[in-house]
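Presented below is the structure to which this report refers.
The values are calculated or read from the model by the stated rules, or taken from the named source; none is laboratory data. All of these numbers come straight from a predicted model, not from anything done at the bench. FYI the Cβ positions are ideal-geometry reconstructions off the backbone, even for glycines, and counts take in every protein chain you see.
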Ligand code: GLN
């Protein structure tokens with residue numbers, strides 16, 4: 001813990017952390033030492049990590065990357081944090097992210113951007129940018145993140161590390177500041193599938209405080225990852241595994257470097273015994289408009305709670321109550337958050353609800369059905385995480401639609417609520433890392449981790 005605290009202090013310019021608490025971390029480390037000295041066993045006792053600043057914590061401030069939550073201290077811990085604390089992990093602090101997890105580059109953080117350690121002139125991806133940077137730069141071995149439309153898979157890909165977003169409902173959303181509740185899901189970043197499996201086992205499982213938490217018994221994802229497949233050999237651990245390649249995930253516009261690295265990863269999977277099959281997800285392109293209607297709609301509702309009364313920021317001077325709300329929200333929210341609140345309010349308003357929101361909901365169901373069709377022919381689906389490698393800082397800043405379009409390969413799985421991973425498979429333009437996206441059917445985290453582990 002001491003060593004990593006020094007590394008964190010020395011890497012301040014990367015912008016990974018929004019808050020570090022060395023004293024608290026060292027006292028937790030001492031407590032972990034006591035547990036270990038007493039002979040307690042547990043893979044995570046004494047493992048330093050850090051949490052995306054979207055998880056509320058009672059002993060450190062929580063901002064969600066927004067000025068709106070300035071001065072806010074939660075009276076409770078998010079379930080994910082509570083469980084990882086109980087498992088003996090040591091949190092060093094809170095990690096930078098896009099404001100309320102809205103973004104793909106960490107440039108929507110109200111505080112400062114996070115820089116990609118592979119090339120500091122480039123973005124690390126987002127919204128869980130700080131989480132990816134902290135692992136990629138070796139500041140902590142693992143971090144938590146959240147993925148609503150790709151915010152774990154895309155920064156993992158851009159930063160050359162491994163990330164997993166489980167099936168919707170596997171991790172509790174209790175204490176995770178809500179962006180789009182029907183999509184939000186917690187997950188992990190680490191250097192390997194194995195580390196992801198250990199963390200995910202500890203943080204997942206039913207929680208009665210989240211109404212969409214899935215009632216399944218605690219899972220040992222590491223054991224599922226290591227399970228031996230029928231007919232597998234040491235050289236071909238993936239024998240019998242069918243991996244579907246949706247043709248829509250390999251469009252002509254996919255950049256050649258990403259295509260090359262992804263194909264190399266697929267060839268590796270084949271060598272390990274997997275069979276590649278062609279499948280189709282015909283509504284892939286529609287996932288973009290569908291997501292950018294549903295997510296803002298839910299966000300506009302969720303963010304109505306930030307009114308200057310209950311949490312964080314309140315305007316200093318105002319006239320009546322309405323004026324107080326307006327000034328508080330005008331000052332507290334950044335441009336992207338305001339844009340989404342406006343889009344969301346519009347698509348939910350009378351007269352537009354049927355034309356936009358209801359249509360989007362119907363298409364969401366069809367996108368999920370397309371996956372079930374595809375899974376008739378394969379066990380996992382593979383493709384790129386993003387159409388390009390990490391772009392330069394500032395490049396996407398004035399064109400939000402360009403960033404939205406780059407979410408094309410992560411949004412379909414999110415809308416369907418499926419588990420997904422990003423696994424590093426090579427380098428693309430500028431020597432930047434490229435991730436392979438693996439998607440599984442509901443509750444197939446074990447199969448995902450199994451394939452990722454074999455590849456590593
Ligand atoms: N890039 C997507 C967005 O801006 C996804 C964000 C996320 O998964 N939190 O909404």
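Candidates are the residues of region 95-146 that are more than 16 Å from the chain's Cα centre (by Cα) and surrounded by 24 or more Cβ atoms within 10 Å (Cβ to Cβ); the one that is nearest to the ligand (Cβ to nearest atom) is 116. Against the list (1) in a helix (DSSP H, G or I); (2) modelled with pLDDT of 95 or more; (3) within 16 Å of the ligand (Cβ to nearest atom), the condition residue 346 fails is (3). Answer yes if at least one residue in region 391-408 is away from the ligand (no atom under 14 Å from the Cβ) and touching a helix residue (DSSP H, G or I) at 6+ places or on another chain (Cβ under 7 Å), and no otherwise. No: zero hits. Residues that are assigned to a loop (DSSP other than H, G, I, E, B) and closer than 16 Å to residue 305 by Cβ within region 318-338 comprise just one, 333. The residue pairs whose first member lies in region 327-342 and is closer than 10 Å to residue 313 by Cβ, whose second member is assigned to a loop (DSSP other than H, G, I, E, B) and within 16 Å of the ligand (Cβ to nearest atom), and whose beta carbons are closer than 9 Å, counting only pairs six or more residues apart or on different chains, are 332/66; 332/110; 333/66; 333/110. A single entry from 149, 160 fulfils the requirement of being away from the ligand (no atom under 12 Å from the Cβ) and touching a residue at least 60 places away in the same chain (Cβ under 8 Å): 160.
Residue 155 meets each of the listed conditions (1) more than 16 Å from the ligand (Cβ to nearest atom); (2) touching a helix residue (DSSP H, G or I) at 6+ places or on another chain (Cβ under 6 Å); (3) part of a helix (DSSP H, G or I) apart from (1). Do we have any residue at all in region 21-38 that's touching a helix residue (DSSP H, G or I) at 6+ places or on another chain (Cβ under 8 Å), within 16 Å of residue 139 (Cα to Cα), assigned to a strand (DSSP E or B) and in contact (Cβ under 8 Å) with a residue 60 or more places away in the chain? The answer is no; no qualifying residue exists.
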